[in-house]
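K.L.:
Mind having a look at this structure? Questions to follow.
The values are calculated or read from the model by the stated rules, or taken from the named source; none is laboratory data. Please read these numbers as outputs of a predicted model, since none were measured by experiment. Every residue, glycine as well, gets a Cβ built from its backbone with ideal geometry; the counts of neighbours run over all protein chains shown.
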Amino acid sequence: MDDGRLDLTPLEPDPERVDRTARAVLARSRGTLEGRRRLHASVWSEFSLWERPLLAAAAAAALLSIVALVRVHPGVRDEQVATLSEQAGVPEPVAAWVDSDQPPDPSTLINW
């Protein structure tokens, strides 16, 4: 093992070569970088990039919601006409109060 300092000068990069390489990399990437700058110029342009994925997610959520609602609450048959309150599963006395547009009688509330 030599206690002397190692001569690392052969590993020192040539400044002209480093500058040429940096200029070449920048020249090749300039078009891509300028396109990205123009595309991301504002917040509103970011919204336009997310428009299609958000619409697809909203459509998928709506479809899943419809499927869940159809399975949980089967459709009304033709011979059976139900009010919205009955379809929601509201108890009959409460549904009558809601459908009548009149406030419930306090004695009725106490007896119920």
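K.L.:
Does VAL76 satisfy being in a loop (DSSP other than H, G, I, E, B), modelled with pLDDT under 75, surrounded by 10 or more Cβ atoms within 10 Å (Cβ to Cβ) and more than 19 Å from the chain's Cα centre (by Cα)?
P.N.:
For VAL76, the condition - in a loop (DSSP other than H, G, I, E, B), modelled with pLDDT under 75, surrounded by 10 or more Cβ atoms within 10 Å (Cβ to Cβ) and more than 19 Å from the chain's Cα centre (by Cα) - is met.
Results for (1) more than 30 Å from THR83 (Cβ to Cβ); (2) in contact (Cβ under 8 Å) with a residue 12 or more places away in the chain; (3) part of a loop (DSSP other than H, G, I, E, B); (4) over 42 Å from the mean Cα position of the chain (by Cα), shown as yes or no for each residue.
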site	(1), (2), (3), (4)
GLU16	yes, no, no, yes
ARG20	yes, no, no, yes
SER29	yes, no, no, no
GLU34	yes, no, no, no
ARG38	yes, no, no, no
GLU51	yes, no, no, no
LEU63	no, no, no, no
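K.L.:
Just one of the numbered conditions (1) at pLDDT below 85; (2) exposed (fewer than 10 other Cβ atoms within 10 Å of the Cβ) is not true of PRO53; which one?
P.N.:
Result: PRO53 fails condition (1) only.
K.L.:
Restricting to segment 16-50, and then to whatever is modelled with pLDDT of 90 or more and hydrophobic (A, V, I, L, M, F, W, C), can you tell me which residue is farthest from ALA88 (Cα to Cα)?
P.N.:
Checking each candidate, the answer is VAL18.
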